[in-house]
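The values are calculated or read from the model by the stated rules, or taken from the named source; none is laboratory data. Fair warning: this is a prediction, and the values are worked out from it, not measured in the lab. When we count neighbours, we look across all protein chains shown, and the Cβ atoms used for this are built from the backbone with ideal geometry, even at glycine. Side chains are part of the model used for accessible areas, which takes the heavy atoms of the whole protein and leaves out ligands, DNA and RNA. Shrake-Rupley method; radii C 1.70, N 1.55, O 1.52, S 1.80 Å.
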Amino acid sequence: MSSHPFQFPRHFAWGVSAAAPQIEGASRVGGKGESVWDRYARRPGAILHGDRLDPACDHYRRFREDFALMRELGVKNYRLSLAWPRIYPQGDGPVNAGGLDFYRRVLDALQEEGITPWVTMFHWDLPQALEDRGGWRSPLTPAAFAGYADTIVKALGDRVKNWITVNEISCFTVQAYGGTGKAPGLVESKQVVRQTVHHALLAHGHGVRAVREHGGRGARCGLSDNCETVIPVTESAADVAACREWFAHSNLAILGPVYHGRYSEAYLEQCGSARPKVGPDDFKLISLPTDFLGLNIYAGMFVRQGADGRPQLLAPSASYPRTDSSWLHLAPRALYWAPRLVCDTFGVKCVYVTENGCGYDDDVVKGGECVDLHRIEYLRSYLKELQRTIADGTPVRGYFVWCFLDNFEWTDGYTRRFGIVHNNFKTQRRTPKLSARWYQAVMAANRVL
């Protein structure tokens, strides 16, 4: 560590993130099949202002200029995702060679700019053809994912050494099949929802297996999870203990089987008769050793030890400071506690923050500049807490801001802007925001400025 305040370790990986369905556009170009989000966006009232996934950022055609801008900003690491339906239009069956060729061109362009790719195999855009056959409710989907993972690692493993299997299991299972506004937007029973989680865990296991079998020398892989994050009200022994207890209980369904190789008795008791069905070798696959855990951290709830000695959850009031996303209240200490708690609870040895950022609706360009001071203060306060947890011994090795470009923000369409680079969706003009220039300086100095 340097004598400078808020200094990060040498070789810390700074980067930016994005996801294929949010930036690529070209949803019917080059042989790509329909995704559940393509279908869901056509449902009346599903997406703000009726926005669709085209044109998004037109990254499909403009990726080279986007990578040149990344290089100009000093970005060395880029977390991207592959669109499963661009490679397997039906989810399985015939592979779309044009889709693989597109991603070869993308990865070659990154290499030309000196940017290291971190590739997410699946970021929510399930092929609609698989959803029509049961989606994550059916064992057909993790089986299809196994073939998809094998294909992409074999085809792209000479260009990619950092793999992320799936992104935020709870979002494309619990929320998507539990009626809370994620594609395909269904309302299923608790047992069915828990089964979708189990099938997603199997897909993760197949992703790890594919990297081990086909990734070649130096290949690494992990999961990106949006774990239930809690923060002690005070960092006293009592509140920290309550926080640990709440965290361990709240993350049994996903991180438990990945790191412990089973569903705990506490989780099964919680499920009752609505527990997922498990095959004889499922946990052997699900718990294959990973090289890192990716954490997507935005907010966090507060916990203290209650009068009865048990953890007590405290929800932020209506006047608590938050972004324009109602779910995203400001909680910088989440970046201290989430990495620390996953390491202490599940024995994680290496963490990357694979997403952290904030969405606002009033990012506008005036006089050629977008002055997003609110985003700088958000990121600065969070990064100071990340540096603190590293200084206290938490093995965090990298950080990826969400996100590089303003994009299609799921049900918020093009209204909500998370990017450090402004995108004019009518002209596709990119304008680095003040936060991009600030982040450029942070990456160059390797410390919070």
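Brief remarks follow.
- Once segment 103-160 is narrowed to residues that are of a type in the set (S, T, N, Q) and under 25 Å from G15 (Cβ atoms), the residue that is most open to solvent (accessible area, probe 1.4 Å) is Q111.
Here is a yes/no grid of residues against (1) surrounded by fewer than 23 Cβ atoms within 10 Å (Cβ to Cβ); (2) at positive phi; (3) in contact with an Asp or Glu (Cβ under 9 Å, 6 or more places away or on another chain):
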| position | (1), (2), (3) |
| --- | --- |
| K384 | yes, no, no |
| A391 | yes, no, no |
| R397 | yes, no, no |
| C403 | no, no, yes |
| D406 | no, no, yes |
| G413 | yes, yes, yes |
| R417 | no, no, yes |
| I420 | no, no, yes |
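- Count - residues of segment 288-302 that are touching a helix residue (DSSP H, G or I) at 6+ places or on another chain (Cβ under 6 Å), open to solvent by 30 Å² or more (accessible area, probe 1.4 Å) and either within 27 Å of K190 (Cβ to Cβ) or free of Cβ contacts under 8 Å to residues at least 24 places away in the same chain (or both): 0
- Flag for Y78 being among the hydroxyl-bearing types (S, T, Y), at pLDDT 95 or above and open to solvent by 10 Å² or more (accessible area, probe 1.4 Å): no
- Selected residue (only one of V119, V106, V160 is closer than 25 Å to H59 by Cα and either in a helix (DSSP H, G or I) or more than 20 Å from the chain's Cα centre (by Cα) (or both)): V106
- Qualifying residue in segment 156-167 (condition: under 21 Å from D412 (Cβ atoms) and not aromatic (F, W, Y)): yes
- Top-ranked residue of segment 194-206 - restricted to ones that are touching a Phe, Trp or Tyr at 6+ places or on another chain (Cβ under 7 Å) and open to solvent by less than 20 Å² (accessible area, probe 1.4 Å), ranked as nearest to L285 (Cα to Cα): A203
- Residue satisfying condition, being buried (at least 18 other Cβ atoms within 10 Å of the Cβ), in contact with a helix residue (DSSP H, G or I) (Cβ under 9 Å, 6 or more places away or on another chain) and not small (G, A, S), within set Q305, Q312: Q305
- Checking each residue in segment 386-431 for being in a loop (DSSP other than H, G, I, E, B) and without any contact (Cβ under 8 Å) to a residue 60 or more places away in the chain picks out D392, G393, T394, P395, G419, K426, T427.
- Of all the listed residues (G147, G179), the sole one being more than 18 Å from the chain's Cα centre (by Cα), at pLDDT below 95 and of a type outside the set (D, E) is G179.
- Test result for F12, of a type outside the set (K, R), at pLDDT 95 or above and closer than 23 Å to C358 by Cβ: yes
- Taking every residue in segment 47-66 that is open to solvent by 50 Å² or more (accessible area, probe 1.4 Å) and at pLDDT 95 or above and pairing it with any residue that is of a type in the set (K, R) and not in a loop (DSSP other than H, G, I, E, B), at least 6 positions away or on another chain, the pairs with Cβ-Cβ distances below 9 Å are R62/R430; R64/R105; E65/R430.
- Members of segment 267-286 that are within 30 Å of R333 (Cβ to Cβ) and open to solvent by 30 Å² or more (accessible area, probe 1.4 Å): Q270
- Filtered residues of segment 344-382 (kept if open to solvent by 20 Å² or more (accessible area, probe 1.4 Å), of a type in the set (K, R) and in a helix (DSSP H, G or I)): R380
- Residues of segment 20-46 satisfying the condition of being farther than 15 Å from Q428 by Cα, surrounded by fewer than 24 Cβ atoms within 10 Å (Cβ to Cβ) and hydrophobic (A, V, I, L, M, F, W, C): V29, A41, A46
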